[in-house]
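Peer 1: What follows is a structure written as structure tokens; I'll ask about it next.
Please treat every number below as a calculation from the coordinates, not as lab data. Given the structure is predicted, the values throughout are model-derived calculations rather than measurements. Cβ atoms come from the backbone with ideal geometry, glycine included; neighbour counts cover every protein chain shown.
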Amino acid sequence: MPKELDLLQGTLDMLILKAVSLGPLHGYGILLRIQQLAGERIEVQQGSLYPALARLEHNGSLQSEWGESENNRKAKYYRLTAAGRRQLKTETESWHRMADLIAGILKATPEEL
Amino acid sequence: MSLRSRLRSWSSAMRGRSGMENDMDAELRFHLEAYAADLRTSGLTEEEAYRKARLAFGNIEAHKQDVRQSRGLRFWDDLRADLTYTLRTLRKNPGFATIAILSLALGIGANTTIFTLANTILFDKLGVPHPDGLRLLSWTADDDKGVVHSMWGSYGPAHNHGFSSTSFSYPVYLALRTQSAGVADLFAFKPLEGNRRLTATIDGAAEVVTAELVSGNYYSVLNVKPQIGRLIANADDARAGSGPVIVISDRYWSSRFGRSHDVVGKQIALNRIPVTVIGVTPSGFTGASSVQVASDVFLPFSMQPMVAPFGRASLLEDKELWWTLVMGRLKPGVTEEQARAVIDLHLHQAVRSTMKIPAGGDVPRASLERGSQGENFAGKDQGQSVRILMGLVAFVLLLGCVNIANLLLARSATRKREISVRLALGAGRFRIIRQVLTESLLLSALGGIAGMLLGYWTRNFIPHFLSKAWDTTGIQAHFNWRVLLFSSGVSLAAGVLFGLAPAFNSARNDLNTGVKDRGIRTSQGRKSRAGQLLVILQISLSMILVTAAGLFLRTIINLAKADVGFDSSNLLLFQVQPPESRYAGAKSQRLLHEIEERVRIVPGVEGVAISSESLIAHGISNELFFIPGQPFARGEEHSSNINDVNADFFATMRIPILAGRTFNQTDAPTKNLVVVMNQAGAKKFFPGQNPLRRQLEKYDDGPVRVTIIGICKDAKYDDLRQQPPPTIYGFYRQSQEPMQMTFEVRSRELPQQLTPALRNAVRSVDKDLPLVDVRTQREQIDATTAEQRLFAALATGFGILALAIASVGVYGLMAFSVASRRNEIGIRMALGAQARQVLRMILRETGVLAIAGVAVGAAASLGCAKLLRSMLFGLTPNDPLTLGLSVAILLGAALLAGFLPARRAARIDPLEAVRHD
């Protein structure tokens, strides 16, 4: 198994929004979904997930309601709001721009200067 | 990130706090259990799975705290904890809490009371829609070359030079109104107050009422709607006599008619002219002149010639007398300067077409003043007093704040260990500062609420004090949002002010020394230095207040001792205003003479004086007099105060006749006008000569000569604080003009008991003549010094309070100092210091503090006292006696306060003190 990467600062919110955008999930489900999408190569601090969820809900990017989990337990499900969808879109775009930019810088060779 | 969703989330979290906590717990539990279940499927035992799940999750409480912070709850949780903690410590220290809250309540209460008054006097606006759109017309002209010489209304020096007035002649007003209609809607008004009040006869009973003459468009331009009935309209004001109608104010409707709706259509008589009440103005409406008090009745200008002729032909036709007040609203789209220019042009034309302009005569120039406060007499008269009072109470509040700061500082010294422990356990310095600030803000909030209640209860204390005893229509100070805003702001500022220093002091705590038992000792130097500075500040603030109290007290003592030049005891005063509709011309003199004779025989009456001006009542009449042969000229050197009196005036008032004689029966019917002059007048008009039987010339319609038949001793005229001015007394029975006279009745016993008998005597002459403004001469004089007495009372109260607070401050500081220096003092005594030396040492330290405070305070007092100059009488602001006494009082109080701790220090048993530590 490849070594697990620590989550980059500030990317947790974006990953949560992405995970929830694929369908409503409870907190633990979000954790599993992120790890699944990352091919288990990423380590999410479990506890820090919940302050992030609370923050996103506080901002109006997420909505929550209590529902039944897959094994018939009560669980709190999060859903993306319209505002959350917009936030995800802008954060994805700026992430791509930033990634391209950084990649470009890192690819630089002495000849190009 | 919408603000709305945040607020919604925060408020739902706040409201359903326990629900939110349960939700959070349930959610986290679900997470742990779900993870543990997954771990179990991979083969772990239940117990191990749980352990591992919890380990992976991290510190549950810390995460929960983060969740709360995410939802914006952290701040409130902390606040609640701080408040609970503060309340607990305050309950443990009821003495501290009481002193702190009480001194704040006094300070904020006093500030609220004064600000309520200031708010009413300085900021209140006329009770009409859009008062800010109103403009009051005024004009300015040169002092000497002006063309307006006959004026009834107020005037004063203009901003740059010359003088300005707001009175216009009625014909000029009419011209302005029609010609300037393009730029402004102008209307006219004129309050009839004081001597100009009207006599209203309602259901056979006569009383005096204040009135306001108003133009036909007055209510429509002001945009005021009637409460019941209708208001005065243009048709009522079309031509002289066309509108025998009146509108009454809400206040008069309540006080005189019990708010009965039958009042509309009621017939009453004003100065014996029958008029019909047509409506009532709304309750907040006070007319266009005053913001504070509404006139009793409003009547159209068209009724002036009948109801209020004032001995002349119709004032509506009079081109010489300037008396009408003009206000207006600018037309939409017209700028201030455009309107002024147009009105100025028309004023110029109107003056030229109505008056003779001598060569070089200066035609008035129009200007527009703010009209939202009417004539704003209250603001002009009492603005200065209110500002001084504001300054005085600001010092009181400041002193209260310093006091609390000192108490908090002393407390923070004793709480040093506790705070050190909290710092050691990981509390941030900001958290500590916040906690201490929460405490001071809670104190200031409690003090502020108490102060606001105090201010609310006492809001009418000062207006009541300043109003005349015999006049019930004083200013009503009222609470509004501006007062609440001010008091809350002051409380908040006070809390921050006295809380900040102790807060930072606490946070600066040194962990190491703080936790150790003897923490207090090691940093005592810095602590007590802050305490010393605060005590010096307290002493100097007290010095300022004590000095102010001394100045005001000496002022009222001087006023009480002031020689008025007549005997003011046992004199009862009342006014008689014979309506001209019945007593035209000289008929009023016959009426007054008849009343004089009737009053003289009332049992208990020793003498009856009559005068056209009441003495010491801030009323002045003056005229120009010339040595026969001198050319006519305007100027102060020809002016003398005048007073028309009866023959017994000098005997009754006990003003000695020094030479010649007083008036007698033989003077009455003749046309040879005779006068009595006071010494100041003799010195002014006949320096170094005998004025007896000399003549002076004055101008009525043409030159008139008066013969001086007597010289009387100087007596004060309008104001207690002025030297007796040159005064020329005329004989009222020689006047041909209708008069409003004051009767001064001297009695053997308490003069008030005479009132019913006097009322009967007057009624037996004319049953419709009311006695107006019945008061004693002493009350009359007191009314003119009410301001000084109010200042003296308040300043003395504040000064005593300040002295007490400063003494407590000195005592507290020195007691603390002695207690923490027990050891040192013990060693000194063990090494041979005598008890007396220790006593002297502590007293010397107290003295140094006191001298520093007094020195700073004396310098500050000298600076502040200059502002009081206009309020003082018989002494200068830097009066050495007052200053010396204040210094002595403060030094004495400080040494007294320091004596108790000093004695305690002197009684320390050296053995015990040294062993103690």
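Peer 1: Where does helix B:17-41 land angle-wise versus the long Cα axis of chain B, in degrees 0 to 90, nearest 10?
Peer 2: 20
Peer 1: Another question about this same structure. Using helices alone, I'd like the mean residue ellipticity at 222 nm for chain B: each DSSP H run of four-plus residues gives -39500 (n - 2.57), total over residue count, nearest 500.
Peer 2: Taking each H run of at least 4 residues, the total per residue is -16500 deg cm²/dmol.
Peer 1: What nm value, rounded to one decimal, do you get for the distance between B:SER150 and B:LEU87 when each label is placed 7 Å out toward the C-beta?
Peer 2: 7.5
Peer 1: Normalising by the residue count of the range B:655-711, find the relative contact order in percent from Cα pairs under 8 Å and 6+ residues apart.
Peer 2: 47
Peer 1: State the Cα centre-to-centre distance between the range B:44-58 and the range B:214-287 in whole Å.
Peer 2: 89
Peer 1: With an 8 Å cut-off on Cα pairs and a minimum separation of 6 or more residues, tell me the relative contact order of the range B:328-453 in percent.
Peer 2: The value is 14 percent.
Peer 1: Turning to a different aspect of this structure: Within 10 Å of each Cβ of A:76-88, how many other protein chain Cβ atoms are there on average?
Peer 2: What the average comes to for A:76-88 is 1.
Peer 1: Name the residue farthest towards the positive end of the dipole of chain A from the options A:LEU37, A:TRP95, A:ALA52, assuming +1 on Cβ of Lys and Arg, -1 on Cβ of Asp and Glu, about the Cα centre.
Peer 2: Checking the options against the dipole of chain A, the answer is A:ALA52.
Peer 1: Let me ask something else. Percent of alpha carbon pairs in the protein assembly as shown separated by more than 53 Å?
Peer 2: 46
Peer 1: Using a simple charge model, +1 on the beta-carbon of Lys and Arg, -1 on the beta-carbon of Asp and Glu, nothing else, what dipole does the protein assembly as shown show about its Cα centre, in debye to the nearest 20?
Peer 2: My answer is approximately 2800 debye.
Peer 1: Right, another one. Mind checking which of B:GLN630, B:GLY216, B:TRP10 is farthest towards the positive end of chain B's charge dipole, using Cβ charges of +1 (Lys, Arg) and -1 (Asp, Glu) about the Cα centre?
Peer 2: B:TRP10
Peer 1: Could you work out the local net charge near B:ILE610, counting Lys and Arg as +1, Asp and Glu as -1, over the other residues with Cβ closer than 9 Å to its Cβ?
Peer 2: -4
Peer 1: Other chains' Cβ within 10 Å of B:29-38 residues: what's the mean?
Peer 2: 5
Peer 1: Going Cα to Cα from B:LYS380, which lysines come in below 19 Å? Please leave out same-chain ones fewer than 8 positions away.
Peer 2: The reachable lysines, counting only those whose Cα sits under 19 Å from B:LYS380, are B:LYS125, B:LYS190, B:LYS468.
Peer 1: Between B:LEU345 and A:ASN72, with labels modelled 7 Å along Cα→Cβ, what's the label distance in nm to one decimal, could you check?
Peer 2: 9.6
Peer 1: Nothing charged except the Cβ atoms of Lys and Arg (+1) and of Asp and Glu (-1): what's the magnitude of the dipole of chain B about its Cα centre? Round to the nearest 20 debye.
Peer 2: 3380
Peer 1: Quick one: angle between helix B:755-765 and the longest Cα principal axis of chain B, in degrees between 0 and 90, rounded to 10, please.
Peer 2: So the helix axis and the longest Cα principal axis differ by about 30 degrees.
Peer 1: Another one. Compute and list, largest first, the equivalent-ellipsoid semi-axes of the range B:1-77 from the alpha carbon gyration tensor, each √(5λ) rounded to a whole angstrom.
Peer 2: Three semi-axes, in Å: 32, 11, 10.
Peer 1: Right, something else. Kindly rank B:439-449, B:578-588, B:629-639 from highest to lowest mean number of other beta carbons found within 10 Å of each residue.
Peer 2: Per-residue Cβ counts within 10 Å, averaged per peptide and sorted highest first, yield B:439-449, B:578-588, B:629-639.
Peer 1: Output needed for chain B: three equivalent-ellipsoid semi-axes, defined as square roots of 5 times the C-alpha gyration tensor eigenvalues, in descending order, whole Å.
Peer 2: Rounded to whole Å, the semi-axes are 69, 41, 24.
Peer 1: Compute the signed sum of charges (Lys and Arg +1, Asp and Glu -1) over the other residues within less than 15 Å, Cβ to Cβ, of B:LEU321.
Peer 2: Net charge around B:LEU321: -1.
Peer 1: What is the fewest-to-most order of A:GLU68, B:GLU606, A:GLU111, B:GLU779 by other Cβ atoms lying within 10 Å of their Cβ?
Peer 2: Ordered by Cβ neighbours within 10 Å, fewest first: A:GLU111, A:GLU68, B:GLU606, B:GLU779.
Peer 1: Can you sort B:ASP132, B:ASP124 so the residue with the fewest Cβ neighbours within 10 Å comes first?
Peer 2: Going from least to most buried by this count: B:ASP132, B:ASP124.
Peer 1: Expressed as a whole number of Å, what is the distance separating the alpha-carbon centroids of the range B:358-427 and the range B:606-645?
Peer 2: 44
Peer 1: Sorting B:TRP139, B:TRP457, B:TRP76, B:TRP323 on the 10 Å Cβ count, fewest up front, what's the list?
Peer 2: B:TRP457, B:TRP76, B:TRP323, B:TRP139
Peer 1: How tilted is helix B:94-118 with respect to the longest principal axis of chain B? Cα atoms for both, answer in degrees (0 to 90, nearest 10).
Peer 2: Roughly 30 degrees, rounded to the nearest 10.
Peer 1: Farthest toward the dipole's positive end in the range B:643-766, which of B:VAL706, B:GLN723, B:ASN690, given Cβ charges of +1 (Lys, Arg) and -1 (Asp, Glu) about the Cα centre?
Peer 2: B:ASN690
Peer 1: Also: List the relative contact order of the range B:180-321 as a percent without decimals, with contacts defined as Cα pairs under 8 Å and 6+ residues apart.
Peer 2: 28
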